[in-house]
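Structure, as C-alpha cells:
Each reported figure results from applying straightforward, stated rules to the coordinates on display, with no laboratory input. Keep in mind that what you see is a predicted model, and the values were worked out from it rather than measured. Cβ placement follows ideal geometry from the backbone for every residue including glycine, while neighbour counts extend to all protein chains displayed.
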Amino acid sequence: MKVVRIKYAHSDPLFWRAKLDVIEAGNLEAAKLIEGGVADIGFVPITMAAEMQLPIVPRLAIYSVGPIISVRLFKGSGAGPPCAVNDTTVAARALSMLMGLRFDRCPDPWAALRERAGVLVVGDEALKMADSGIPHIVDVGELWWERTGLPLVFAVLVARPGARGLEEAIREMENSVAAFYENPRPLVEAVAKRLSVRLELIEEYFSRSRYLVNDSIVEAIKREAEILGLPPLRFWKS
C-alpha cells in the first residue's frame, strides 16, 4: 500500500516513526496521485478532497487551533497586488472569504517580497520567513480562529475509492503521532536543523499543530467546507 504525505514539515509527526511505503508530494499533486490510483491513501488539502470527491477517512488530519506560523500573508516591500505561492489552495481561499482578497500566483515568494505588497506563503518557506523576521500582515490560522472560532483544517486523510487494508497504515500514522507527543524533542531538533531555523520556532510551531480527529473535528471539517463554499464532502464507509 502506498501512502501520500504532503512534503512540508507539518507532516513529519505523522510519518517519522511509521513503517510505510510513502510517496512525497506537494499539495496539488497529492490528490492527483490518489485519484489516479498511484497511491491508496494519504493527505490532501480539504479543498481538493471536496472538489475531487475523494472520501475522507475521519481518523487523522493536519490542522491548527489559532496561530500556526507556517501559513502567513507576509508584508512585502513593493507596491504590486498580493500574490500567493502556487501550492496553496486552502489559505488563499480562506483569505478570499475572510478578507475579500484575490491572489495572483508567484513561483518565487522571496522575489515577490520585493515586488508585492503582500505574499501568501505556506509550509517550510513560511517558517523560514518567520525565522528571518519578515513581518506578516496576518497569520491565516489566527484569523480563522478569531472569525470562526474553529480550528483551521489544512489537509484531510483520504482514501482511493475501493482501496482495501487501510487500517494498518492508519495505525502506523497514529502510533507515529503518539510517539511524537510522548517525546517531541528529537523530531523538533531534526526539523530545525533541516530547515536551518531556530529550535524555539519549531517548538512553537509543533505546539500549535494538531493531527488527531474526533467528532468535534469532523464537525469543524464540515463547517469549514461550508464557509469556504466547497462541494459537499464525502466520508469513507468501511
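Need one number: the % of Cα-Cα pairs in the range 1-61 sitting beyond the 13 Å mark.
For the range 1-61, the fraction of Cα-Cα distances above 13 Å is 58 percent.
If you average 1/r over every pair of different alpha-carbon atoms in the range 71-148 and take one over that average, what Kirkwood value in Å do you get?
One over the average 1/r among Cα pairs gives 12.1 Å for the range 71-148.
List the residues, sorted by chain then number, that are 5 or more residues from L120 or on another chain and whose placed amide H is less than 5 Å from its amide H.
Close amide H contacts, sequence-distant or interchain: F74, C83, A84, V85.
If you project the alpha carbons of the range 35-77 onto the principal axes, what extent comes out on each, in Å, largest first?
43, 24, 17
By how many nm would the segment from R194 to E172 grow when fully extended, if each residue of separation counts as 0.36 nm and the alpha-carbon distance is taken off?
The span from R194 to E172 would gain 5.6 nm if fully extended.
Calculate, for Y181 and K222, the FRET efficiency according to 1/(1 + (r/R0)^6) with r their C-beta to C-beta distance and R0 22 Å; round to the nearest 0.05.
0.30
Which distance in nm do the two modelled labels at A79 and W16 give, with both placed 7 Å along the Cα-to-Cβ direction?
Distance between the two pseudo-spin positions: 4.6 nm.
Could you list, bin by bin from short to long, the percent of Cα-Cα pairs of the range 24-166 in 10 Å steps?
Calculated over all Cα pairs of the range 24-166, the distribution is 12, 39, 32, 14, 2, 0 percent.
Fully extended, how many nm does the chain gain between R147 and E24 (0.36 nm per residue separation, minus their Cα-Cα distance)?
Difference between extended and current length: 41.0 nm.
Treat every Asp and Glu Cβ in the chain as -1 and every Lys and Arg Cβ as +1, leave all other atoms uncharged, and give the resulting dipole magnitude about the Cα centre to the nearest 20 debye.
240 debye
Around W144, what is the net charge, scoring Lys/Arg as +1 and Asp/Glu as -1 over all other residues with Cβ under 14 Å from its Cβ?
Within the 14 Å Cβ shell, the charges total +1.
Using a cut-off of 15 Å between beta-carbons, work out the net charge of the residues near R102 (Lys and Arg +1, Asp and Glu -1, R102 not included).
+2
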